[in-house]
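Everything on this sheet refers to the single structure shown next.
The values are calculated or read from the model by the stated rules, or taken from the named source; none is laboratory data. From a predicted model like this one, the values you see are computed outputs, not experimental measurements. Ideal geometry is used to build each Cβ from the backbone, glycine not excepted, and the neighbour counts take in all protein chains shown. Surface accessibility is based on the protein's heavy atoms, side chains included, excluding ligands, DNA and RNA. Shrake-Rupley method; radii C 1.70, N 1.55, O 1.52, S 1.80 Å.
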Amino acid sequence: MKKTLLRLSFGIFLSFATLHAAQKFDAETGLIIAPGFEDVKTNCTVCHSAKFITLQKGDRDSWLSMIRWMQKTQGLWKFEPKLEDTILTYLSTNYPPTKASRRPNLKLTALPPNPYSK
Ligand code: HEC
């Protein structure tokens, strides 16, 4: 019994420890350390701060469209398909869209009168 308890609490301790370890951040860039992190750090912090990434959220498609936009207009180079896949997986896994990134609009009744409406 005592042994079981001991094992159980050690198990709980371990899962907390791994949970805690699950999100590590790169001290230099603030990027989450996860698979693909090295590739993103190498390719995506050349022209601008990684804050552009860590403050951004998006699914795979929206990350891809940001990359395409930079490639078309900002001189970002093309990636090999495998590297692009790694980068997109990293970005959409670690910086996914959140349900509410902004508060909902106020109700009309909570607003002052609109001075422009007659
Ligand atoms: C060749 C230079 C260059 C590289 C490399 C580069 N970017 Fe950018 N990126 C830019 C420029 C320029 C902007 C626009 C800056 C501005 O708005 O003033 C930008 C903007 C962004 C934005 C902000 C978009 C927005 O609308 O808020 C994000 C996010 C971003 N980049 C992510 C990335 C990611 C991810 C990578 C790696 C795949 C990357 N960047 C690599 C040049 C680059």
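Tabulated data for the structure shown
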{"item": "Kirkwood Rh (inverse of mean 1/r, distinct Cα pairs), segment 33-97, angstrom", "result": "11.8"}
{"item": "Radius 15 Å from Cβ of Lys82, net charge of other residues (Lys, Arg +1; Asp, Glu -1)", "result": "-4"}
{"item": "For segment 103-118 versus segment 22-77, the gap between their alpha-carbon centres in whole angstrom", "result": "38"}
{"item": "Under the Karplus curve 6.51 cos²θ - 1.76 cosθ + 1.60, θ = phi - 60°, whole-Hz ³J(HN,Hα) for segment 77-94, x wherever Gly or Pro sits", "result": "6, 7, 10, 4, x, 5, 5, 4, 4, 4, 5, 5, 5, 4, 5, 6, 7, 9"}
{"item": "Given Lys57/Lys118; Lys24/Lys78; Lys41/Lys107; Lys51/Lys118; Lys24/Lys107, the pairs whose alpha carbons are separated by over 32 Å", "result": "Lys57/Lys118; Lys41/Lys107; Lys51/Lys118; Lys24/Lys107"}
{"item": "Protein accessible area in segment 33-97, 1.4 Å probe - carbon and sulfur %", "result": "59"}
{"item": "Stretch gain in nm, segment Trp69-Asp85, where the contour uses 0.36 nm per residue and the Cα spacing is subtracted", "result": "4.1 nm"}
{"item": "Among 109-117, 82-90, the order from most to least packed when residues are scored by Cβ within 10 Å on average", "result": "82-90, 109-117"}
{"item": "Sequence-distant residues sharing a close amide H with Ile33 (under 5 Å, placed H)", "result": "Lys24, Phe25, Asp26"}
{"item": "Distance (nanometres) between label positions extended 7 Å along Cα→Cβ at Ala50 and Ala34", "result": "1.4"}
{"item": "Computed label-point distance, nm, for sites Thr93 and Lys118 using a 7 Å Cα→Cβ extension", "result": "6.0"}
